[in-house]
Amino acid sequence: MRILILGGDGYLGWPTAMYLSRRGHEVAVVDNYFRRRACIELNREPLIALPNLNRRATLWERVSGHRLTVHIGDVCDYPFLLQVFREFEPDAVVHYAEQPAAPYSMMGHRQAVFTLTNNLVSTTNLIFAVKECNPACHIVKLGTMGVYGTPNIDIEEGYLEVEHKGRRHRFLYPKTPGSLYHLTKAQDGDLLYFYCRMWPIRVTDLNQGPVYGLTTGESAEDERLLPMFNYDDVFGTVLNRFLVQAVAGVPLTVYGQGGQTRGYLNIQDTLACVELALLHPPAPGEYQVFNQFVETFSVNDLARKVQDAGRALDLRVEVQHLPNPRREAEEHYYNPAQTGLLSLGLKPHYLDEATLCRMVQLVQKYRDQIQPELIFPQVRW
Ligand code: USQ
């Protein structure tokens with residue numbers, strides 16, 4: 001397949017590009033370096049300094065023999081996106097080109113407007129480029145489990161059958177996101193669903209939970225191929241942050257009571273899920289939704305697991321319950337469905353002690369680069 005990856009420099013975009021190219025697909029990547037610029041601007045740089053995207057592509061070609069085409073530009077610039085479409089003629093597009101951090105979206109007016117504009121205009125441009133260049137091209141958009149929020153009923157996979165006054169209808173599952181970022185993911189899903197009803201485009205939305213991990217099979221060959229790994233309060237996700245905190249000797253930052261439960265997955269499973277979605281496109285005019293996670297844990301569960309792994313590695317890991325900087329339920333019902341990707345053949349990686357120890361040991365190699373002052377949460381809502 002000819003696969004275009006939008007947001008190909010990010011935590012997930014870059015590993016996806018290598019993974020798909022190694023598996024025989026022809027891959028082109030697009031990125032405008034938003035994340036790198038924001039990390040510098042906010043003084044929250046990733047744990048491991050990485051070469052730029054062109055250099056990483058050259059490096060990847062040297063170690064694997066697979067060529068990636070790189071386009072530096074903004075998906076919100078429609079003529080640029082059209083030009084990439086016409087040159088590369090993709091069969092499928094993976095859309096990661098969104099501002100992905102809940103705390104960033106809640107920092108202030110400028111970041112709110114940027115998140116809204118970037119996430120919704122990029123999605124709209126993608127829809128129009130597909131319609132104009134090749135309506136059969138499959139859009140795989142990375143969504144989030146956070147669009148559902150934490151409702152007091154089971155979470156279904158994308159849709160909900162409702163019976164009302166004796167009649168039945170299938171709606172998109174109701175959305176109650178907990179940050180502006182998560183809201184834009186609900187809105188971009190609505191945009192895609194709307195255009196699937198208007199035009200014969202084919203869309204898969206992958207509602208993903210928080211991802212953890214630093215390595216994928218492809219980055220094993222050279223550490224300059226590792227993903228962009230943030231552990232700060234804005235761009236770092238909870239388990240990745242805990243791994244770094246364990247190594248730095250900083251007490252694990254559990255927000256509030258720590259009963260917040262989410263569906264987690266290893267970064268290697270993200271890559272497998274994206275490829276499974278690419279290999280199983282929906283029919284024209286269909287908006288297909290998968291819930292993309294492997295196991296559910298509360299923040300307290302994660303903290304306990306990291307403490308256990310720390311003990312096995314002779315690290316003293318403490319836990320600190322901080323006042324929650326976010327507005328969210330700290331104790332709640334959580335029972336989301338996740339059968340779609342398993343039925344397509346996903347073989348999950350589970351979060352066991354050996355996996356945690358390997359991740360902590362990898363972080364230990366970069367111990368001197370940890371800046372403890374980036375850990376404490378600064379953004380509140
Ligand atoms: N949390 C802590 N301590 C920390 C960091 C986070 O207790 O040091 C808690 C948060 O309050 C939250 C949970 O851990 O209850 C998850 O937070 P997170 O920062 O790992 O994840 P979140 O902000 O929800 O966003 C991340 C990704 C986003 C993705 C989402 C999936 O940044 O791109 O869409 O995970 S989900 O959480 O299912 O919405």
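Within the range 270-288, one or more residues are of a type in the set (Val, Ile, Thr), open to solvent by less than 50 Å² (accessible area, probe 1.4 Å) and over 30 Å from Val247 (Cα atoms).
Tell me the residue from Ala129, Ala102 that is touching a residue at least 40 places away in the same chain (Cβ under 8 Å), in contact with a helix residue (DSSP H, G or I) (Cβ under 6 Å, 6 or more places away or on another chain) and away from the ligand (no atom under 15 Å from the Cβ), please.
Numbers: Ala102 fails: away from the ligand (no atom under 15 Å from the Cβ).
Among Ala129, Ala102, only Ala129 is touching a residue at least 40 places away in the same chain (Cβ under 8 Å), in contact with a helix residue (DSSP H, G or I) (Cβ under 6 Å, 6 or more places away or on another chain) and away from the ligand (no atom under 15 Å from the Cβ).
In the range 38-66, of all residues being open to solvent by 60 Å² or more (accessible area, probe 1.4 Å) and part of a helix (DSSP H, G or I), the one that is farthest from Val379 (Cα to Cα) corresponds to Arg62. Look through the range 316-352, keep the residues that are within 20 Å of the chain's Cα centre (by Cα) and assigned to a helix (DSSP H, G or I), and return whichever of them is farthest from the ligand (Cβ to nearest atom). Per the criteria, the residue is Leu342. One residue is enough: does the range 244-255 have a residue meeting the conditions assigned to a helix (DSSP H, G or I) and within 9 Å of the ligand (Cβ to nearest atom)? Yes: the range 244-255 contains one or more residues that are assigned to a helix (DSSP H, G or I) and within 9 Å of the ligand (Cβ to nearest atom). I want to confirm something. Restricting to the range 150-189 and keeping residues that are within 11 Å of the ligand (Cβ to nearest atom) and assigned to a loop (DSSP other than H, G, I, E, B), which single residue is surrounded by the most Cβ atoms within 10 Å (Cβ to Cβ)? Across the range 150-189, the extreme among qualifying residues is Ser179.
Report yes if some residue within the range 79-96 is part of a strand (DSSP E or B), touching a residue at least 12 places away in the same chain (Cβ under 8 Å) and open to solvent by 20 Å² or more (accessible area, probe 1.4 Å); otherwise report no. Within the range 79-96, none of the residues are part of a strand (DSSP E or B), touching a residue at least 12 places away in the same chain (Cβ under 8 Å) and open to solvent by 20 Å² or more (accessible area, probe 1.4 Å). Taking first residues from the range 219-233 that are within 18 Å of Gly13 (Cα to Cα) and outside any helix (DSSP H, G or I) and partners that are modelled with pLDDT under 95 and hydroxyl-bearing (Ser, Thr, Tyr), the Cβ contacts under 8 Å between residues at least 6 apart in sequence or on separate chains come to Leu226/Thr215; Leu226/Ser219; Pro227/Thr216; Pro227/Ser219. Can you find a residue that is of a type in the set (Lys, Arg) and either near the ligand (Cβ under 10 Å from one of its atoms) or in contact with a His (Cβ under 8 Å, 6 or more places away or on another chain) (or both) anywhere in the range 215-227? Taking every residue of the range 215-227 in turn, none turns out to be of a type in the set (Lys, Arg) and either near the ligand (Cβ under 10 Å from one of its atoms) or in contact with a His (Cβ under 8 Å, 6 or more places away or on another chain) (or both).
Taking the listed residues Arg23, Arg37, the one that is within 20 Å of Ala220 (Cβ to Cβ) and more than 18 Å from the chain's Cα centre (by Cα) is Arg23, with no other qualifying. Residues being in a helix (DSSP H, G or I), more than 16 Å from the ligand (Cβ to nearest atom) and touching a Phe, Trp or Tyr at 6+ places or on another chain (Cβ under 6 Å) are represented in the range 109-126 by at least one member. With the requirement that a residue be over 20 Å from Phe88 (Cβ atoms) and β-branched (Val, Ile, Thr), what does the range 1-59 give you? Across the range 1-59, the qualifying residues are Ile40, Ile48.
Across the range 190-213, the number of residues qualifying as open to solvent by 40 Å² or more (accessible area, probe 1.4 Å) and near the ligand (Cβ under 10 Å from one of its atoms) comes to 0.
The values are calculated or read from the model by the stated rules, or taken from the named source; none is laboratory data. Just so it is clear, the model here is predicted, and its values are computed rather than measured. Heads up, the Cβs are rebuilt from the backbone with ideal geometry, glycines too, and the neighbour counts pull from every protein chain shown. Protein only, heavy atoms only, side chains kept; ligands, DNA and RNA dropped before computing areas. Shrake-Rupley method; radii C 1.70, N 1.55, O 1.52, S 1.80 Å.
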